[in-house]
1. List the equivalent ellipsoid semi-axes of segment 1-133 in whole Å, largest first, each obtained as the square root of 5λ for an eigenvalue λ of the Cα gyration tensor.
2. What is the packing order of peptides 223-231, 137-145, taking the mean over residues of other C-beta atoms within 10 Å and listing the highest first?
3. List the pair-distance distribution P(r) of segment 191-245, using every Cα-Cα distance, as the percent of pairs falling in each 5 Å bin from 0 up to the bin containing the longest distance, rounded to whole percents.
4. Given 4 °C and 1.567 mPa s, compute D for segment 125-245 with the Stokes-Einstein relation, Rh being the Kirkwood radius over Cα pairs; round to the nearest whole µm²/s.
5. Please compute the alpha carbon radius of gyration of segment 17-89, then divide it by the globular-protein estimate 2.2 N^0.38 Å. Two decimals is fine.
6. Could you give the distance between the Cα centres of segment 1-59 and segment 194-245, to the whole Å?
7. Take the alpha carbon atoms of segment 59-170, find their radius of gyration, then divide it by 2.2 N^0.38 Å using N residues; give the quotient.
8. Using only the heavy atoms of the protein chains and a 1.4 Å probe, how would Leu211, Leu244, Leu23 rank by accessible area, largest first?
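The values are calculated or read from the model by the stated rules, or taken from the named source; none is laboratory data. Note that this is a predicted model, so its numbers are computed, not measured. Heads up, the Cβs are rebuilt from the backbone with ideal geometry, glycines too, and the neighbour counts pull from every protein chain shown. Note: accessible area is taken over every heavy atom of the protein model, side chains too, but ligands, DNA and RNA are not part of it. Shrake-Rupley method; radii C 1.70, N 1.55, O 1.52, S 1.80 Å.
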Amino acid sequence: MQQPKVYSFPNADQVAQALDKFLAQASAEAIKRHGKFSVAFSGGSLPATVAKYLKDNKSVDFDKWFVFFSDERCVEHTDAESNYKLVKDELLSHVPIPDNQIIRINEALVLDSKLAAEDYDLQMSKALGCDVVNQPPAFDCILLGIGPDGHTCSLFPGHPQVQEKSKWVTFIDDSPKPPASRITLTVPVLNQARNVVFVVTGGSKSDTVKLIVDGRDQTLPAARVAPTEGSLYWFLDDATAKYLT
């Protein structure tokens, strides 16, 4: 694993500008390399920050994007809790990504998180053309946030999903944050990505960021993200980065 690259900017707006440039370049490089750009989004405040400038960037070849979700709540696509809806409202409705290249949870399975996770794994593998047995799919980019407790995706401290090594998508029915039932990518998938980008702004998680970046506290799921061959980035505002050495 390479050392994480930590970027700090005066405010969230400048973080959004930097992400626009980073993703435009990552997209162009991936499309040149293999004809598409596969990217997974988490929810929370991240989609708005990522989309702020990116949605108006005419240099990006969005019709070659394949969009996934690093985790999803087991709700319908129109539900206010849906990460898909959040990303759609912030970005997808503004850019020309073909609908069949947006890989979302199967609405027919949201009442059974285990089946929903299995189905999403199949959808993901098909869309990414995974043909290596027992090797996780390799995303071009995974965009992540963190919680104050150090969780990322729907991988929560002390929960068995953090230890999952044989499944690429798993489920949880006792999430500490509502809604209780969710599906999530697992650590092996996060660590197979070419680029993993944490985006944290606002200052309220500065202590947690220090524990993860400087302390590498393995009790915190976000600290377990360490791409095997890819690169790990942190895009922070100064208020969030203030305790980092």
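1. Listed largest to smallest, the semi-axes of segment 1-133 are 25, 19, 15 Å.
2. 137-145, 223-231
3. 5, 21, 27, 26, 15, 6, 0
4. Roughly 87 µm²/s, to the nearest whole number.
5. Cα-based Rg divided by the globular estimate yields 1.14.
6. A separation of 16 Å, based on Cα centres.
7. 1.10
8. Greatest to least solvent exposure: Leu211, Leu244, Leu23.
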